[in-house]
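In what follows, a single structure is set out as structure tokens and then discussed.
The values are calculated or read from the model by the stated rules, or taken from the named source; none is laboratory data. Model, not experiment: these values are computed from the prediction. When we count neighbours, we look across all protein chains shown, and the Cβ atoms used for this are built from the backbone with ideal geometry, even at glycine.
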Amino acid sequence: MRIGHHPEEATVIAYAAGTLDEPLAVAVASHLAWCGACRRVVRVGEAIGGALLDSMEETPLRDDALARAMGRLDAAVAAGVRTEPGGVDSDGLGLPYPLASRLGVPLDHLRWRRRGRGIAVHALPLSANAPGRLLLVRGVAGTRMPAHGHEGAEITVVLRGAYRDAFGRFAMGDVAELGEDAEHAPVVEPGEDCICLVATEGRLRFGNPLLRLLRPILGV
Amino acid sequence: MADLLSRVATGRDRDAFAVLFRHFGPRLKSYMLRRGADAETAEELVQEVMLAVWAKADRYVPARGSVAAWIFTIARNRAIDRLRRQPPVRFADIDDHDGATDEPDGEARLMEGEMEMRVRGALDALPDGQRRIMGLAFLDGLTQAEIAVRLALPLGTVKSRMRLAYRKLRASLAEYMEDSR
């Protein structure tokens with residue numbers, strides 16, 4: 001896979017710091033599963049986190065803290081090491097692990113809700129405390145999406161197919177990271193439907209008041 | 001540090017674990033407090049992190065980063081889970097993807113301390129504004145938007161300072177890692 005568009009370095013660093021909210025973290029992690037270059041950014045980020053942790057001031061622990069830990073060591077091993085996810089495509093779904101583990105079924109088996117001509121969406125559940133939204137958006141080959149902007153950050157990961165907008169061509173593994181001010185009008189390339197994972201921080205904002213009528217198209 | 005962890009992994013060495021606990025425990029408590037834990041919760045999270053260090057010690061690969069960096073990731077994930085009350089989103093261990101390293105563990109363990117010193121040196125050399133932002137992100141767990149509010153800076157400035165800081169730190173690690181993007 002040739003990846004031409006990455007998340008901003010600052011975004012990957014925020015992921016490494018552990019400060020991205022769940023929807024954005026799922027999108028970034030899905031890209032990471034496919035992108036060695038960005039995994040190296042995470043490794044530098046974690047090295048930074050380690051050095052900062054190591055240079056923190058010490059806060060005294062309770063007197064019995066070490067003894068308590070020592071008494072629990074055998075149980076900790078018996079409880080078993082949490083099993084880490086295996087490969088990129090551990091479930092054979094053709095999807096990055098962070099997404100595959102949430103879906104459990106192939107994209108074609110999902111219930112898609114039509115949102116107008118050529119567009120369907122599937123909302124993914126988030127934990128109660130997570131702000132924002134996480135959507136799968138499917139555009140039929142050749143579909144033109146209405147121009148729209150964003151109220152907060154939005155991160156899109158292309159899972160299948162490709163689309164073009166003013167920022168370039170986006171295909172499998174590519175990330176489009178749009179800030180508050182960005183507007184775009186994606187056009188799905190002919191030939192294959194395009195399926196994207198779209199994580200948003202805020203609600204979409206339509207530039208033209210008439211286009212607000214199109215909100216229901218994306219279900220936002 | 002890497003030697004101590006290796007003794008825990010291969011020999012289930014309790015003395016080595018105690019040394020690691022005495023070093024990292026009080027720092028981890030500071031970290032959990034800064035991420036918003038009360039004293040009781042911070043104390044319990046230190047236990048959980050250190051028990052995970054004991055149980056997972058054999059998964060640490062010295063060529064891939066310092067012991068402190070590895071422990072940071074465990075602590076970070078606990079903090080997201082317990083203090084942010086969101087699931088930590090893992091992308092499969094980086095280690096699983098990047099494949100086996102041909103670096104012998106012994107040599108890598110020697111480099112581990114060196115790498116750590118390099119990052120610390122580079123952190124100390126950052127301009128105050130950049131270092132402060134890295135601290136607010138990595139230790140306080142603030143989002144970029146929260147940092148912008150805290151420091152009364154535009155969001156774009158927070159992002160560009162994070163990027164600048166990252167690039168300098170990456171340069172300090174260049175000889176220990178393959179080229180980044």
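Annotations for the structure displayed:
- Test: residue in the range B:151-171 that is in contact (Cβ under 8 Å) with a residue 24 or more places away in the chain, farther than 11 Å from A:Ala14 by Cα and in a loop (DSSP other than H, G, I, E, B): no
- Lone qualifier among A:Ala65, A:Ala16 - being more than 7 Å from chain B (Cβ to nearest Cβ) and small (Gly, Ala, Ser): A:Ala16
- Flag for B:Met111 being modelled with pLDDT under 95 and in contact with a helix residue (DSSP H, G or I) (Cβ under 7 Å, 6 or more places away or on another chain): yes
- Evaluation of B:Leu139 against (1) modelled with pLDDT of 95 or more; (2) crowded, with 18+ Cβ neighbours inside 10 Å; (3) over 20 Å from A:Glu57 (Cβ atoms) (one fails), failing number: (3)
- Single match in B:Leu5, B:Leu20 (criterion: under 30 Å from A:Gly36 (Cα atoms) and either part of a helix (DSSP H, G or I) or away from every other protein chain (no Cβ under 11 Å) (or both)): B:Leu5
- Of all residues making up the range A:113-172, the number that are assigned to a loop (DSSP other than H, G, I, E, B), hydrophobic (A, V, I, L, M, F, W, C) and within 20 Å of the chain's Cα centre (by Cα): 7
- Helices (runs of 4 or more DSSP H) enclosed by the range A:6-87 - at least 2 residues per element that are closer than 18 Å to B:Arg163 by Cβ: A:9-17, A:22-34, A:36-54
- Residue within the range B:144-161 that is closer than 30 Å to B:Asp81 by Cα, modelled with pLDDT of 70 or more, crowded, with 17+ Cβ neighbours inside 10 Å and facing another protein chain (nearest Cβ under 7 Å) present: yes
- Selection from the range A:1-13 of residues that are modelled with pLDDT of 95 or more and more than 7 Å from every other protein chain (Cβ to nearest Cβ): A:His5, A:Pro7, A:Thr11, A:Val12
- Within the range A:125-141, the residues that satisfy the criterion of being surrounded by fewer than 17 Cβ atoms within 10 Å (Cβ to Cβ) and over 21 Å from A:Phe170 (Cα atoms) are A:Pro125, A:Ser127, A:Ala128, A:Asn129, A:Pro131.
- Within the range B:104-117, if we keep just the residues that are within 14 Å of chain A (Cβ to nearest Cβ) and not small (Gly, Ala, Ser), the residue that is nearest to the chain's Cα centre (by Cα) turns out to be B:Glu116.
- Number of positions in the range B:23-55 that are part of a helix (DSSP H, G or I) and more than 7 Å from chain A (Cβ to nearest Cβ): 15
- The range B:61-71, residues that are over 19 Å from B:Ser172 (Cβ atoms) and buried (at least 21 other Cβ atoms within 10 Å of the Cβ): B:Ile71
- Residue in the range A:179-192 that is more than 15 Å from the chain's Cα centre (by Cα), part of a loop (DSSP other than H, G, I, E, B) and surrounded by 17 or more Cβ atoms within 10 Å (Cβ to Cβ) present: yes
- Picking from residues in the range B:118-130 that are loosely packed, with under 13 Cβ neighbours inside 10 Å and within 10 Å of another protein chain (Cβ to nearest Cβ), the one that is farthest from B:Asp3 (Cα to Cα) is B:Asp124.
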